[in-house]
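One structure is given here, and the rest of the page talks about it.
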Amino acid sequence: MMETLGGIAALAAVLAVPIGIILLTRWRRPIEDVVTTGSAQGKTGLAIHPQRGHPTVNVIAVIIVVAVLALGLWYLNSSLYAAGLFLIGGGLMAYVGWARVTGRAGDGTLTFTPEGLHQLYGGSEVFVPWDDVTGLVTTPTELIVETTRPVVPVHHMLPLFGRRGVVRHDAIGLPHRQLPLLPYQEMVWLYATSSAARDELATDAPVERARDLLTHPPVTE
């Protein structure tokens, strides 16, 4: 009986970790943390961050990486295959974690500055000057910015997760996964066509407006 209870407890402990990570990953951040003042290319602007994810996830991720690497070292004396598997997996996880901590990875935050639109996601950095923007197409996973000339992403990481989905001479894709629902088409069109409107991006006005839209979304009939 005690062995059965011990096995159930061990299984529950093992399952608690991934379940806890999933719940923390889906945790919704306060609007004040999702829409803030940010900066890109040395310019202050409106920053729109992913709306999900608890800071504790980063701590858990470090613990898991250390545990995986420790398992790899422990298996060195008994199974080189298992040791190699754990060490390679732990090394890749450590690399991704290092890239996030150093800012090379990015979390997909969109930053609207008076100069242009910026995003760093998956180690791929994009900056589109407003004068080059001709339109925006929204898909379930990306904001496809149409441009007058090619936009070349700057890569800060190895292509472990692939490259940006849409990279053409007249368009580039900006993933909007977990970003809050906002009228991005109207926002991009406004700043791309009005130099006067761009100047307000260096103030708190667009931040307060975006927060208000998320707090009190317009009612559609």
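Confirm whether D131 is closer than 30 Å to M187 by Cα, part of a helix (DSSP H, G or I) and over 17 Å from the mean Cα position of the chain (by Cα). First the steps, then the outcome.
Details: closer than 30 Å to M187 by Cα: yes; part of a helix (DSSP H, G or I): yes; over 17 Å from the mean Cα position of the chain (by Cα): yes.
When the stated conditions are applied, D131 passes them.
Which members of region 156-183 meet the condition of being open to solvent by 80 Å² or more (accessible area, probe 1.4 Å) and either within 16 Å of the chain's Cα centre (by Cα) or not aliphatic (A, V, I, L, M) (or both)? Walk me through it before giving the result.
Residues of region 156-183 open to solvent by 80 Å² or more (accessible area, probe 1.4 Å): 158, 161, 163, 168-169, 177-178, 181.
Of everything in region 156-183, those that are open to solvent by 80 Å² or more (accessible area, probe 1.4 Å) and either within 16 Å of the chain's Cα centre (by Cα) or not aliphatic (A, V, I, L, M) (or both) turn out to be F161, R163, R168, H169, R177, Q178, L181.
In region 115-131, how many are in contact with a strand residue (DSSP E or B) (Cβ under 6 Å, 6 or more places away or on another chain) and open to solvent by 20 Å² or more (accessible area, probe 1.4 Å)?
Of the residues in region 115-131, 6 are in contact with a strand residue (DSSP E or B) (Cβ under 6 Å, 6 or more places away or on another chain) and open to solvent by 20 Å² or more (accessible area, probe 1.4 Å).
Looking only at region 206-219, which residues are surrounded by fewer than 19 Cβ atoms within 10 Å (Cβ to Cβ) and touching a residue at least 60 places away in the same chain (Cβ under 8 Å)? Walk me through it before giving the result.
If we filter region 206-219 for residues that are surrounded by fewer than 19 Cβ atoms within 10 Å (Cβ to Cβ), which is where we start, we get 208-209, 211-219.
Once the filter is applied, which keeps residues that are surrounded by fewer than 19 Cβ atoms within 10 Å (Cβ to Cβ) and touching a residue at least 60 places away in the same chain (Cβ under 8 Å), region 206-219 yields R211, L214, T215.
Can you tell me which residue in region 184-205 is surrounded by the most Cβ atoms within 10 Å (Cβ to Cβ), limited to those that are polar (S, T, N, Q) and part of a helix (DSSP H, G or I)? Full working, then the answer.
As a first pass, look at region 184-205 and keep what is polar (S, T, N, Q): 185, 193-195, 203.
Remaining after also requiring part of a helix (DSSP H, G or I): 185, 193, 195.
Numbers: Q185: 13, T193: 11, S195: 11.
Ranking the qualifying residues of region 184-205, first place goes to Q185.
Taking the condition of being in contact (Cβ under 8 Å) with a residue 12 or more places away in the chain, open to solvent by 70 Å² or more (accessible area, probe 1.4 Å) and not charged (D, E, K, R), how many residues in region 38-54 meet it?
2
The values are calculated or read from the model by the stated rules, or taken from the named source; none is laboratory data. The model shown is predicted, which means the values in this text are computed figures rather than measured ones. Virtual Cβ from ideal backbone geometry, glycine too; neighbours counted across all protein chains shown. To get the accessible areas, we keep the full protein, side chains included, count just its heavy atoms, and leave off ligands, DNA and RNA. Shrake-Rupley method; radii C 1.70, N 1.55, O 1.52, S 1.80 Å.
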